[in-house]
1. Just read off the accessible area of H697 with the full protein assembly in place, 1.4 Å probe, to the nearest 10 Å².
2. Would you mind getting me the FRET efficiency between E452 and R267? Use the beta-carbon distance for r and R0 = 51 Å, nearest 0.05.
3. Stretched out fully, how many nm does the piece from S174 to E841 gain, at 0.36 nm a residue minus the Cα gap?
4. Sequence gap at least 6, Cα distance under 8 Å: using those rules, report the relative contact order of the chain to the nearest whole percent.
5. Would you mind working out the magnitude of the charge dipole of the chain relative to its Cα centre, with +1 at each Lys and Arg C-beta and -1 at each Asp and Glu C-beta, to the nearest 20 Debye?
6. Points 7 angstrom from Cα along the Cβ direction at L464 and D426: gap in nanometres?
7. Once amide H atoms are placed 1.01 Å from N in the peptide plane, what residues at a sequence separation of 5 or more from V298, or on another chain, have their amide H within under 5 Å of its amide H?
8. Rounded to the nearest 0.05, what FRET efficiency do R394 and T138 have when you use their Cβ-Cβ distance and R0 = 41 Å?
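The values are calculated or read from the model by the stated rules, or taken from the named source; none is laboratory data. On a predicted model such as this, the values are computed, not experimentally measured, just so you know. Counting neighbours? That spans all protein chains shown, and the Cβs are built from the backbone with ideal geometry, glycine included. Calculation scope for accessible area: heavy atoms of the full protein, side chains included, ligands and nucleic acids excluded. Shrake-Rupley method; radii C 1.70, N 1.55, O 1.52, S 1.80 Å.
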Amino acid sequence: MIAIRTPDQRLRIFVSSTMKELAGARVAARTAIERLRLIPVLFELGARPYPPRDLYLAYLRQSDVFIGIYGQQYGWIAPDQEISGLEDEYLNAGGMPKLVYVRSPAPDRDPRLSEMLSRIQSDGLSYRGFGSSDELGTLIADDLAVLLSERFDLGGEPPEAGRRATRPLPALASRFIGRDREKSIVRDLLTGGDARLVTLVGAGGIGKTRLAIEVGTGLVGTFDGVVMVALDEVTSAELVVSSIASSLGVPESPGQSLVDLVINYLRPRKMLLIIDNFEHVVAAAGVLGQLITETDQVMLLVTSRERLRLSGERVVEVPPLALPGAVDSDEVLRRADAVELFIDRARAAGSDLDLDHGQLKIITEICRRLDGIPLAIELAASRAKVVGPEELLRRLDRRLGFLTGGPRDLPLRQQTLRSTIAWSHDLLDDSQRRLFARLGVFAAGFSLEAAETVCADDAAPAVLDGIASLVDKSLLRTEDPLHGQPRFTMLQVVRDFALEQLDASGETERLRRAHADYYQGVIIAAEPMLRRDPGPVIEQYRADLPNIRAAMRWSLEVKEGGRVARMAIAIWPFLWIAGLLSESVEVVQQALVDESALSDAERAHARLGLGMLAFGQGDYERAAPALETAIDLYTQLGDVGHVATALVPLGVIRAVWDPNGGEDLLAQAADMFRELDDQWGLAFASLNLGGSLLLHHRYADAIPHLEECIPLARAVKAEVFLSNALINLGWVHHWLGNVEAARARLREAVKHAAVPDNRESLGRALEALAAVDVNAGDPELAAILFGAADGVRRSIGAGVWMTDRGSHEQTEAQLRTQLGDTAYTAAADSGRNLTVDQVLELISAG
């Protein structure tokens, strides 16, 4: 039969607290109790005919549940008493069910209250922390609901034996996108018996919580229960057990430790606990280890920005969402996880997207600029309706200030990207914060040596330990090692935050200068190795290039053009080899804006650097005067080696309209390099002397110089010279009518160009192969290769070399004639969309 309580028999909840200090907390407690249709009992001072102690004890005896709320004050002590009324109320509550809440922080807590809280814990009670009155109201409402379902008959059927009011998984308000690989890994770990503690680790906003909920939802039928334990509002490690107990519906019991109660509840059950946001209470990791070791079937899925370092822990790094490649088709772009997330969230916010090719490219670039971070993408997508994708991309230069306005039902720290990063930053100690800010000067990946050289001083001496801690906390990421040495990087939005902290510290200029000094030293020290054993140096340059360019740009900002000149003369051979010329040309050009600030040697270096880079781009109008000035300056300085170097590209340019004059300059350069016994320089000169003869159809004369270049290039491991010598020989055999010899040389050239990823040479080789194939009667394959050559050049912002423009126009005209414009365009477009690996596979199959 249903038990019915008359109105005056509703449960009474006695609230014990100081009155003035905790006035707001008392109001929140009263409101929470009344919402549950219960009676709040709060003692208030006033004119009454009874002594205060008699009154509050009478209230207490007529109550069913005791709630203690404590802050900093111990409370009033009556003249005839040795303890405060606050402690007296607690002691007289006896065996009544008790819920205890303690406000934090409380830096000035009365020592007597601290002693009282210690005695409460020794009684077997755990108290819960709260920071605000609103948080307290939520905690009281949740805990009372659990307590009442366990202990009191509220008018319904008796609860089933052992039944607990566990906290269900939250329903996701939007569609979960991507993460198929991570979902599979985590699910297999939790169901395959390989692990009982799985920690999802990643930066703030990377999507750890959503991934955990998605996995947990899919495993609901596999476990007796899947329970979410949210720790984002928990203020200290001591309250973790209480939060787990609350989520499971395990009530406190006098005389028993709460962790034992939780373990006893879990021991017979096969359960999955999802413990969310553990990074700020990582000191409580031992509790999770205890849950694992003292139960047999419990699985823990933890989300944290920091690994727990417990035995048996399996860490799953949660990476950014997958981004498409630079030349992927529209369909591939649309299906990329990051792009799909942006489109889904933008449409949910009411944005009307066209999703034509141009807009998909813009959305892809937005996602790339945001590093594929889900929270950043969602925040950006929410703005797409207001500003449109194109304007959104432009405004992302102010990422942290622009990416705000997340859903109101998210925690506040996830409603803006800055708040999300600040959450992690606030968990660092002072030394770690200082190092974190300083590391923001690195434009991309960096080595430990670089970090120690640029960032270490008395205020941040232990760089290695600091980096290890920042990696653990997901503020730094590890990259693949280079030459056995570890490398590190920050997500761009994290770097933006670090730079804000660096600016606030007043150390920006000092760190920028140290950064520029370091990378200037790196490239100057490495430059001689480019001429002897370039492989490792090229790998190092590729890894450090964003930092080298950042150092050069900063040097321009502070009007230190001399540094740019010194760096340009050391780095141009690498930029040639890698085909990365366009941005560097403009940087070196700017260094020459105020030549009066440069020494003669610096002026010469800047002119030669500009000339070499512009020549590599095919910009001969800019290259020629720069090279001429460099030759004059180096001649005055008596620098024969650099004079010879500048003569080579100038000779090629002159040869276009003055064959004899150009060839004389190239022959002069070759003789100078022979006298210097400079094999690298001689290979450079021989290559270009043969190329200039080829340009003027002197095929037989070109062969000896090109054949001389090949063994020299092999000896100094100059793949760029070797591949271009082979290309030129391929052209020679092509024009002489030897198709198979031409193909053999050009296929070998492709192989050598692809090894260092020299796209400038690769484009030339592919275009030469296209010319061979069109003349050999295979115009469709030729058109694909011709388009592939164009795609390779576009990927690095390069054009057709001046010396190749005649043959380029001739091959294109032949293809259009043989295939027709429509078929030619289709075949060339398909070639442009091929990756380098696909091109190599196509050539091998042919």
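1. Here the accessible area works out near 130 Å².
2. After rounding, the FRET efficiency stands at 0.55.
3. Using 0.36 nm per residue and subtracting the Cα-Cα distance, I get 235.9 nm.
4. Relative contact order of the chain: 6 percent.
5. About 2300 debye.
6. 3.4 nm
7. Amide H neighbours of V298, under 5 Å, 5+ apart: M271.
8. 0.50
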